[in-house]
């Protein structure tokens with residue numbers, strides 16, 4: 001029976017284009033990429049034994065011959081050009097070569113190469129089956145096509161084919177480690193990590209994760225398994241080969257500039273040292289480059305661990321393991337792109353969950369586009385726009401750093417193209433850190449939600465420490481009494497016993513004529529933090545204002561602090577010197593620079609938009625004042641009273657304010673005491689926030705019932721377990 005036009009399927013123009021793309025473009029792209037990867041494999045085969053597999057096999061052969069496993073061989077030379085080579089040695093520990101001894105017995109190197117790739121392919125196939133079974137991911141036709149294209153386009157695939165590395169074998173214990181952790185078998189997970197760690201020490205970042213999250217059984221199993229592997233290696237291969245192996249590790253730092261290195265050290269080396277293929281931005285001493293690596297890498301490592309959760313659920317394990325595995329490559333001095341394969345199990349799980357739930361799919365498509373472009377960029381194209389001549393790329397006219405010089409095209413190409421893999425890895429790492437911190441923030445914010453407080457019910461308790469100030473104390477108390485009116489509950493003056501006679505007289509007279517002033521002598525002395533904590537223990541109101549008595553803080557900011565708290569229902573509002581409209585007058589230039597550096601670093605570590613984390617001028621809900629455990633003894637109390645609520649996920653805000661150097665009294669905050677802020681901030685970041693042992697202390701519930709007594713418990717409990 002003939003079919004009418006109305007019965008024929010109707011397609012839109014977009015659907016027809018998509019169909020043509022799937023039928024024509026994708027198969028053609030897959031064919032081209034297949035040929036591209038076959039070229040790398042054939043090139044690796046032709047170059048035998050001058051690739052990584054040849055070097056590993058040469059070490060096994062040297063052992064069978066009774067020689068030094070790590071001596072130079074014909075496989076050692078890596079020819080970068082026809083007339084230029086560098087020496088690349090085998091970096092794998094002796095016990096790994098137990099797998100290679102059977103291949104070393106073969107007389108035909110080509111046969112060993114084929115068997116090596118058969119073994120690697122079997123390992124990859126089996127790991128894929130484990131991953132699919134664990135995640136429950138169903139491979140539809142579209143998924144299979146997409147996976148094949150990504151497999152062929154991924155820069156790590158070309159790098160593996162060219163080098164003949166061991167990553168697919170190493171993927172087996174890493175996959176089993178991930179699967180065991182997902183199932184709650186942390187001891188077994190640690191043992192698999194120990195096996196992998198004994199071969200690739202950069203995976204110690206995962207051991208740090210176990211210790212950070214107090215997975216003691218996993219950490220102990222890891223160390224035992226790792227020690228067992230090295231013990232077997234010592235028994236079989238002897239101590240001399242281990243000494244030789246350590247000697248080769250010491251000379252590997254000169255390889256960091258090579259294009260396949262996606263690590264932070266690779267980026268710094270290409271940017272700031274002489275190399276064969278890349279023009280540097282500037283030449284720095286090697287020691288300074290290592291110092292930069294330690295400083296930047298250390299900060300990023302702390303941020304990585306802070307972004308991890310407790311791994312109590314399979315989804316939590318996926319998030320944490322993917323982040324930490326990628327971070328291990330980023331922080332390793334030689335983080336080759338083929339090691340990115342090790343993050344395959346948790347990454348597939350994360351993508352599978354996003355594929356099944358459209359709400360979880362990435363919204364920042366441009367960021368994913370950058371990562372995709374970086375990870376499919378061919379290794380040979382990282383040298384685009386670089387000079388063709390062989391030799392160290394050191395320009396004689398490179399100006400000093402900071403001289404405002406224009407970046408030459410070759411140096412700009414090094415920044416962008418020479419470090420494309422590091423940029424892609426950093427983007428993916430930042431995406432995972434952001435999602436981890438955001439998840440923890442939302443969980444804490446839900447637990448730390450404070451009960452609404454009507455602005456008409458504000459009762460402001462002012463905590464004001466006094467050391468030697470006189471006239472400014474009277475001015476501040478008078479202004480607050482006049483401007484806040486009935487909203488002012490009390491002004492608690494905590495005076496140091498070391499105060500001058502005139503200062504004590506001023507405070508006593510003020511307390512005698514103003515019924516809202518409560519004068520107390522500091523019991524635990526010395527220390528600004530101790531004074532603030534003593535005042536906190538006595539507050540009766542439901543909103544607390546902390547302010548210094550030296551006149552450095554712009555008191556006209558107080559109404560705006562309260563207005564912002566009322567408008568947004570925030571638990572904390574700080575005065576910010578770094579916002580537009582704020583600023584400094586009479587501030588030390590050195591302290592200004594260090595303060596700015598502190599703000600930028602810890603804004604990232606705490607994932608907050610607040611600009612001024614160290615200023616003690618703020619208003620805070622009394623439930624937080626009573627419910628949290630305050631520990632600061634000196635001026636670091638200023639950042640503690642901001643960072644602990646931020647760490648909990650309390651709603652926070654800020655308003656601009658100016659700081660003006662005092663005209664009375666003398667500051668007791670010496671320059672070196674400012675570094676206590678760093679210790680306090682790191683402690684809060686690592687340990688979280690604890691409950692106060694004196695909840696509600698100093699408050700008469702009959703007179704001033706708290707609107708969030710239950711919330712006080714709910715605020716600190718989640719953070720105490722983080």
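The values are calculated or read from the model by the stated rules, or taken from the named source; none is laboratory data. Quantities reported herein were computed from a predicted structural model and do not represent experimental measurements. Cβ placement follows ideal geometry from the backbone for every residue including glycine, while neighbour counts extend to all protein chains displayed.
Screening residue 143 on (1) in contact with a helix residue (DSSP H, G or I) (Cβ under 7 Å, 6 or more places away or on another chain); (2) farther than 16 Å from residue 340 by Cα shows it passes everything except condition (1).
Note on the range 515-526: among residues that are assigned to a loop (DSSP other than H, G, I, E, B) and buried (at least 16 other Cβ atoms within 10 Å of the Cβ), the one that is nearest to the chain's Cα centre (by Cα) is 522. Might you check whether a residue that is more than 24 Å from residue 569 (Cα to Cα), out of contact with any strand residue (DSSP E or B) (no Cβ under 8 Å at 6 or more places or on another chain) and touching a residue at least 24 places away in the same chain (Cβ under 8 Å) occurs anywhere in the range 510-523? Scanning the range 510-523 turns up no residue that is more than 24 Å from residue 569 (Cα to Cα), out of contact with any strand residue (DSSP E or B) (no Cβ under 8 Å at 6 or more places or on another chain) and touching a residue at least 24 places away in the same chain (Cβ under 8 Å). Filtering the range 205-253 to residues that are within 32 Å of the chain's Cα centre (by Cα), surrounded by fewer than 18 Cβ atoms within 10 Å (Cβ to Cβ) and not in a helix (DSSP H, G or I) leaves 214, 251.
For residues in the range 615-655 being modelled with pLDDT under 90 and within 15 Å of residue 548 (Cα to Cα), which is surrounded by the fewest Cβ atoms within 10 Å (Cβ to Cβ)? The residue in question is 634.
Just a yes or no: is a residue in the range 273-284 in a helix (DSSP H, G or I) and touching a residue at least 24 places away in the same chain (Cβ under 8 Å)? So far as the range 273-284 goes, no, none of its residues is in a helix (DSSP H, G or I) and touching a residue at least 24 places away in the same chain (Cβ under 8 Å).
Screening residue 568 with (1) touching a strand residue (DSSP E or B) at 6+ places or on another chain (Cβ under 6 Å); (2) farther than 19 Å from residue 640 by Cα; (3) surrounded by 15 or more Cβ atoms within 10 Å (Cβ to Cβ) gives one miss only, at (3).
Note on the range 189-204: residues that are surrounded by fewer than 24 Cβ atoms within 10 Å (Cβ to Cβ), touching a residue at least 60 places away in the same chain (Cβ under 8 Å) and within 22 Å of the chain's Cα centre (by Cα) total 3. Those strands (runs of 3 or more DSSP E) of the range 568-621 that lie entirely within it include none in which at least 2 residues are in the same structural domain as residue 433 (by TED's automatic domain parsing). Please work out if residue 225 is at pLDDT 95 or above, over 30 Å from residue 378 (Cα atoms) and in the same structural domain as residue 288 (by TED's automatic domain parsing). So residue 225 fits the description; yes. Looking only at the range 57-66, decide whether some residue is touching a residue at least 24 places away in the same chain (Cβ under 8 Å), surrounded by fewer than 19 Cβ atoms within 10 Å (Cβ to Cβ) and either within 26 Å of residue 244 (Cα to Cα) or out of contact with any helix residue (DSSP H, G or I) (no Cβ under 8 Å at 6 or more places or on another chain) (or both). Among the residues of the range 57-66, at least one is touching a residue at least 24 places away in the same chain (Cβ under 8 Å), surrounded by fewer than 19 Cβ atoms within 10 Å (Cβ to Cβ) and either within 26 Å of residue 244 (Cα to Cα) or out of contact with any helix residue (DSSP H, G or I) (no Cβ under 8 Å at 6 or more places or on another chain) (or both), which makes the answer yes. Within the range 67-112, the set of residues being free of Cβ contacts under 8 Å to residues at least 24 places away in the same chain, over 19 Å from residue 255 (Cβ atoms) and either surrounded by 13 or more Cβ atoms within 10 Å (Cβ to Cβ) or touching a helix residue (DSSP H, G or I) at 6+ places or on another chain (Cβ under 6 Å) (or both) comprises 67, 106. Taking the listed residues 541, 551, 529, the one that is within 26 Å of residue 450 (Cα to Cα), touching a helix residue (DSSP H, G or I) at 6+ places or on another chain (Cβ under 9 Å) and part of a loop (DSSP other than H, G, I, E, B) is 541, with no other qualifying. Restricting attention to the range 285-322 and to residues that are in contact with a helix residue (DSSP H, G or I) (Cβ under 6 Å, 6 or more places away or on another chain) and part of a loop (DSSP other than H, G, I, E, B), the residue that is modelled with the highest pLDDT turns out to be 308.
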